Amino acid sequence: MSQPSQPGTVETTYRDAVREAIREALHRDPAVFLMGEDVGRYGGCYAVSKGLLAEFGPDRIRDTPLSESGFTGAGIGAAMAGMRPIVELMTVNFSLLALDQILNTAATIRHMSGNQFGVPLVIRMATGAGRQVAAQHSHSLEGWYAHIPGIKVLAPATLEDARGMLWTALEQPDPVLIFENVMLYNMTGRLAADAGAVEIDKAAVRRAGRDISLITYGGSLWKTLEAAAALAGDKIEAEVIDLRSLRPLDDAAIMASVAKTRRAVIVDEGWRSGSLSAEIGMRIVEQAFWELDAPIRRVCSAEVPIPYPRHLEEAAIPQVPRIVAAAKAALGRE
Amino acid sequence: MTIAADKPRLSREHMLELLRQMIRIRRFEDKCAELYTQEKIRGFLHLYDGEEAVAVGVIPVLESRDRIVATYREHGQALVRGVPMTAALAEMFGKQEGCSHGRGGSMHLFDRAKNFYGGNAIVGGGLPLAVGLALADHMRGAGIVTACFFGDGAVAEGEFHESLNLAALWGLPVLFVCENNLYAMGTALALSESETDLQRKAACYRIAAEAVDGMDVVAVEAAARRAVHQVRETGKPYFLECRTYRLRAHSMFDAQLYRDKAEVETWRQKDPILRLTTWLESNHLIHADELARIEAGVAAEIADAVAFAEAASWEPIGQLTRFTYAEPVATANR
Ligand SMILES: Cc1ncc(C[n+]2csc(CCOP(=O)(O)OP(=O)(O)O)c2C)c(N)n1
């Protein structure tokens, strides 16, 4: 993502953008605090919160014991009592130990209490494969979370979103989960020096095109843009949609693109069966079936726990050639 | 009756009020059981019969700014806390005038005005929530106490241990009230815990802990006074194990195959209402007409509540998806 330097921009990484977002939130609102395993002394397992402990102290950069359920639930309670906690769960894999708190408490309290209590909590976690850390550290389960009514699910793919989504999330009256793809933390690029909050309820067209819609989010966005560039070499102009919010989905943006291109490929690092891609595909069928000129196609992870060896890991998750091939197949140009 | 502790509170008036509150819960729940057989109340219904001394001993000791977290067996806690009986019963009917707008039912009584945080049907699920409420108060130096009620079954859940550890580690003002009624559904405590002396577990986390005869409302109140005072003074957690017994089945579906009638009969002799009444009578502190007056007052309140719940309305199906997320506020400042 290297662009020529523009005036008013700074060179940064996705990691630093997230850190800046957290710093800003801590400065802006004394009710905000960050809590999670190794967020303080260690500096965050992905170095996202490095330096924050020195700046804000152990009360607001709060190291927790290995108790995903306990401290996620504590975040829920603190949010209900007027604080604005940011709970960091190292990876989505470990978030499963807190799934009960997220699903059965955070997502349900507003409904079960007849709107008396809400849970304005933000939970951040890493997701995704590509670092050869084997199955228990590599899964992409954000699509599962997108299944749950009562929460919002965000997937920042760009520096702007890494920087901007957090504050908007903290302003929400309901729980918001933010999934940061592990492969993006080192991504560098230029970001407006005054970058701040962004809206979180709209998908974005990251590349305009007329021939086919490539619908994706998070870590797969960059592979999909690469695929679109390759397709352009074959005179295929692909439109790339970055969903940004996985729950709620921006149906209007998806349908507008499909209405224009009449073809769609969904790229999703989750497993194919029961995936977010299945949901999106079905929505297109429900809402835009008559606009379609070809069957919808999907590029998802293979139905296997993510393997450790590089070649198998690469083969398991969506890659540029598979996206290109799927797009061409949808256009009848295999 | 333990009457040594905290003498000033042992006025006759006060004793009669304790008795009245216990009778109020007992008669209310007797009525609920009846309404359940009439299918006015559906779903799960967990009665508190035999355990009333715990809620009545603990809750009036709390201030209105203090917070309460309860389980699905929470009618007693809700009533003593001041959730109107009308709203509680309407909730069990599923009517929108219920204290949770009818969305929660018997297991999810909530009342924001009373700082009553439910009503949680996940065994152990309320403990992290209580820790978080207390964390918020701790961070703001509020001097508020959060009382968390849970059963002996919850002690086997990981969240119990995570929560006690967090509360002790961070010095949080939580009063853990364990209602040890010796059974988790049909599983006796001795079949589920290697250490059945539960307050010892709290002591392992360096939490001040004591066990009290939970069938003796005066003893519970005296212990609760010590405990609440200590939590408020020190800001640290306290563990109060109330040794009690549920005289009825776990829920309306329970045939009670796991315990014999003789055991229940033995405990019936310790019924907290019988016990306090007998003590008051033998000390000539209550007259038959006073008891009759209490019963009549309670009966009238229950009759009102039934009429209220019957007359209350069903939420229109058109509102089905309300309260999944906060509704947009009219003031469009974002
Ligand atoms: C996490 C979880 N596991 C199992 C259940 C099913 N369940 C409902 S009540 C109960 C027994 C709990 O016993 P205890 O905590 O002692 O409370 P009591 O019912 O005796 O008041 C069980 C196992 C549940 N609701 N939640």
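Computed from the coordinates by the stated procedures, all read-outs in this text should not be read as laboratory data. All figures in this text were calculated on a predicted structure; none of them were measured in a lab. Every residue, glycine as well, gets a Cβ built from its backbone with ideal geometry; the counts of neighbours run over all protein chains shown.
If the condition is being surrounded by 24 or more Cβ atoms within 10 Å (Cβ to Cβ) and within 11 Å of chain B (Cβ to nearest Cβ), then the stretch A:120-144 contributes only A:L121. I'd like to know if the stretch B:188-196 contains one or more residues that are away from the ligand (no atom under 14 Å from the Cβ), at positive phi, more than 9 Å from chain A (Cβ to nearest Cβ) and surrounded by fewer than 19 Cβ atoms within 10 Å (Cβ to Cβ). No, every residue in the stretch B:188-196 fails to be away from the ligand (no atom under 14 Å from the Cβ), at positive phi, more than 9 Å from chain A (Cβ to nearest Cβ) and surrounded by fewer than 19 Cβ atoms within 10 Å (Cβ to Cβ). With respect to (1) within 7 Å of chain B (Cβ to nearest Cβ); (2) touching a residue at least 12 places away in the same chain (Cβ under 8 Å), the lone exception for A:A98 is condition (1).
Being within 14 Å of the ligand (Cβ to nearest atom) and in contact (Cβ under 8 Å) with a residue 12 or more places away in the chain is a condition met by no residue of the stretch B:227-236.
Given the criterion of a type in the set (A, V, I, L, M) and more than 11 Å from the ligand (Cβ to nearest atom), identify the matching residue among B:V131, B:V155. The match here is B:V131. Taken together, B:E162, B:E157 contain a single residue that is among the charged types (D, E, K, R) and closer than 20 Å to B:D197 by Cβ, which is B:E157. Scanning the stretch A:169-187 for residues that are farther than 19 Å from A:P149 by Cα and not in a strand (DSSP E or B) yields a count of 6.
Residues that are charged (D, E, K, R), within 18 Å of the chain's Cα centre (by Cα) and assigned to a loop (DSSP other than H, G, I, E, B): does the stretch A:122-145 have at least one? Within the stretch A:122-145 (the criterion being charged (D, E, K, R), within 18 Å of the chain's Cα centre (by Cα) and assigned to a loop (DSSP other than H, G, I, E, B)), the answer is yes, since at least one residue qualifies. Counting the residues of the stretch B:61-85 that are closer than 14 Å to B:A113 by Cα, part of a loop (DSSP other than H, G, I, E, B) and of a type outside the set (K, R) gives 6. Across the stretch B:134-152, which residue is nearest to A:R110 (Cα to Cα) among those that are within 16 Å of the ligand (Cβ to nearest atom) and small (G, A, S)? Per the stated criteria, the residue is B:A147.
Residue-level check: of (1) within 10 Å of chain B (Cβ to nearest Cβ); (2) within 26 Å of A:E24 (Cβ to Cβ); (3) away from the ligand (no atom under 16 Å from the Cβ), A:R110 misses just (2).
Among the residues of the stretch A:301-333, write down those that are outside any helix (DSSP H, G or I) and β-branched (V, I, T).
The first filter runs over the stretch A:301-333 and keeps only residues outside any helix (DSSP H, G or I), leaving A:301-309, A:317-319, A:331-333.
Matches in the stretch A:301-333: A:V304, A:I306, A:I317.
Note on the stretch A:241-279: residues that are under 28 Å from A:E313 (Cβ atoms) and over 16 Å from the mean Cα position of the chain (by Cα) amount to 7. Regarding the stretch B:60-70, can at least one residue be identified that is under 18 Å from B:I302 (Cβ atoms) and acidic (D, E)? The answer is no, given that none of the residues of the stretch B:60-70 is under 18 Å from B:I302 (Cβ atoms) and acidic (D, E).
If the condition is being touching a Lys or Arg at 6+ places or on another chain (Cβ under 9 Å) and within 16 Å of the ligand (Cβ to nearest atom), then the stretch B:158-171 contributes B:F160, B:H161, B:L164. Across the stretch B:31-56, the qualifying residues are those that are within 30 Å of B:V174 (Cα to Cα) and more than 10 Å from the chain's Cα centre (by Cα), and the one among them that is nearest to the ligand (Cβ to nearest atom) is B:H46. Only one of the listed residues (B:F176, B:F239) is within 14 Å of chain A (Cβ to nearest Cβ), under 25 Å from B:K270 (Cα atoms) and buried (at least 22 other Cβ atoms within 10 Å of the Cβ). That residue is B:F176. Considering only residues that are facing chain A (nearest Cβ under 8 Å), within 27 Å of B:E63 (Cβ to Cβ) and more than 14 Å from the chain's Cα centre (by Cα), look in the stretch B:89-126 and name the one that is farthest from the ligand (Cβ to nearest atom). Of everything passing the filter in the stretch B:89-126, B:R112 is farthest from the ligand (Cβ to nearest atom). Of a type outside the set (K, R), in contact (Cβ under 8 Å) with a residue 24 or more places away in the chain and either more than 16 Å from B:D216 (Cα to Cα) or assigned to a loop (DSSP other than H, G, I, E, B) (or both), is that true of B:L247? Against the criterion (of a type outside the set (K, R), in contact (Cβ under 8 Å) with a residue 24 or more places away in the chain and either more than 16 Å from B:D216 (Cα to Cα) or assigned to a loop (DSSP other than H, G, I, E, B) (or both)), B:L247 qualifies. Is it the case that the stretch B:155-164 has a residue that's surrounded by 20 or more Cβ atoms within 10 Å (Cβ to Cβ) and among the acidic types (D, E)? Within the stretch B:155-164, one or more residues are surrounded by 20 or more Cβ atoms within 10 Å (Cβ to Cβ) and among the acidic types (D, E). When the stretch A:145-172 is filtered for residues that are away from chain B (no Cβ under 14 Å) and of a type in the set (F, W, Y), only A:Y145 remains. One residue is enough: does the stretch B:242-261 have a residue meeting the conditions away from the ligand (no atom under 15 Å from the Cβ), over 20 Å from B:D66 (Cα atoms) and among the hydroxyl-bearing types (S, T, Y)? No, because not a single residue in the stretch B:242-261 is away from the ligand (no atom under 15 Å from the Cβ), over 20 Å from B:D66 (Cα atoms) and among the hydroxyl-bearing types (S, T, Y).
Taking A:A17, is it more than 14 Å from chain B (Cβ to nearest Cβ) and closer than 25 Å to A:A197 by Cβ? Answer is yes for this residue.
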